[in-house]
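Trainee: Next up is a structure, given as structure tokens.
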Amino acid sequence: MPTALLTGGSRGLGLALACALAERGYSLVIDARGGEELAAARAELARRTDVAALVGDVAEERHRRALVAAAAGPVQALINNASLLGPSPQPGVGEYPLNSLEAVYRVNVLAPLRLIQLTLPLLAEGARILNLTSDAAVESYEGWGGYGSSKAALEQLTAVLAAEHPELRVYSVDPGDMRTRMQQEAFPGEDISDRPPPEESVPGLLELIEGQLPSGRYRARELARVGA
């Protein structure tokens, strides 16, 4: 049974992808900061596969080591999905509190990198690493300087990692706008009911996890359309 380690697996895109992987016979290691939501996700997933669910913050080293220990190895897929938006509404760069920016970078940049470092010895031959990113990493949207720059840093780390590890498939993947809690927090007070559900991004992610695409940056919905 292949193993996937997926952060931020209690709701939204993380849970949607975890359910799809469970249906495909993956054993799962997932986490989240909220214990109640994580327990509900674990109960749902446990009906389909073996799952370890750990409550904790990916910004903390002890929690990251616990995730890797739970995965044991070999690991076929590491999906860094957990992210931190930062203040809501998002401030401009000129007045962005540096302590808040440091917190965003700890979760969105340093945590995925450290989890990769810890997992590298456990990765199976040809394993996949997926780092979830955003169009805000490559577009200059007003008010997105904190989150967007953190994802830009993650994308560069991903590209360098791919160059350093040609034996792996290493991806930055933009899932697109989704009808999720984080999206609502990014646009407080706005109606986001027109955004597609996170399930629409899952087929593209599965194409990266199970297909033969070379390392690089991809948009999940474009992959889903190609594979349809």
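Trainee: Against the definition (more than 16 Å from Leu28 (Cα to Cα), within 15 Å of the chain's Cα centre (by Cα) and in a helix (DSSP H, G or I)), how does Ala59 come out, yes or no?
Mentor: Against the criterion (more than 16 Å from Leu28 (Cα to Cα), within 15 Å of the chain's Cα centre (by Cα) and in a helix (DSSP H, G or I)), Ala59 does not qualify.
Trainee: Would you mind stating whether Ala22 is out of contact with any Cys (no Cβ under 8 Å at 6 or more places or on another chain), more than 20 Å from Pro203 (Cα to Cα) and surrounded by fewer than 24 Cβ atoms within 10 Å (Cβ to Cβ)?
Mentor: In short, no.
Trainee: Which is among the basic types (Lys, Arg), out of contact with any Leu (no Cβ under 8 Å at 6 or more places or on another chain) and more than 21 Å from Val104 (Cα to Cα), of Arg47, Arg33?
Mentor: Answer to the check: Arg47.
Trainee: When only residues in segment 123-151 that are surrounded by fewer than 19 Cβ atoms within 10 Å (Cβ to Cβ) and in contact (Cβ under 8 Å) with a residue 12 or more places away in the chain count, which is nearest to Val68 (Cα to Cα)?
Mentor: Looking at the filtered set, the residue picked out is Ala124.
Listed here are the residues, each with its yes/no results for (1) of a type in the set (A, V, I, L, M); (2) touching a strand residue (DSSP E or B) at 6+ places or on another chain (Cβ under 6 Å); (3) farther than 17 Å from Pro112 by Cα.
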| residue | (1), (2), (3) |
| --- | --- |
| Arg33 | no, no, no |
| Ala41 | yes, no, yes |
| Val55 | yes, no, no |
| Arg62 | no, no, no |
| Val68 | yes, no, no |
| Ala72 | yes, no, yes |
| Gln90 | no, no, yes |
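Trainee: Could you tell me whether segment 141-162 includes any residue that is in a strand (DSSP E or B) and not β-branched (Val, Ile, Thr)?
Mentor: No - not one qualifying residue is present in segment 141-162.
Trainee: From (1) within 24 Å of Ala127 (Cα to Cα); (2) more than 12 Å from the chain's Cα centre (by Cα); (3) in a loop (DSSP other than H, G, I, E, B), pick out the condition that doesn't hold for Gly9.
Mentor: With (1) within 24 Å of Ala127 (Cα to Cα); (2) more than 12 Å from the chain's Cα centre (by Cα); (3) in a loop (DSSP other than H, G, I, E, B) applied to Gly9, the lone miss is (2).
Trainee: Looking at Arg106, Arg128, Arg48, can you tell me which residue is of a type in the set (D, E, K, R) and in a strand (DSSP E or B)?
Mentor: Arg128
Trainee: Pick out the one residue from Ala41, Ala69 that is modelled with pLDDT of 95 or more, small (Gly, Ala, Ser) and surrounded by 17 or more Cβ atoms within 10 Å (Cβ to Cβ).
Mentor: Exactly one residue qualifies, and that residue is Ala41.
The values are calculated or read from the model by the stated rules, or taken from the named source; none is laboratory data. This is a predicted model, so every value here is computed, not measured. Neighbour counts run over all protein chains shown; Cβ positions are idealised from the backbone, glycine included.
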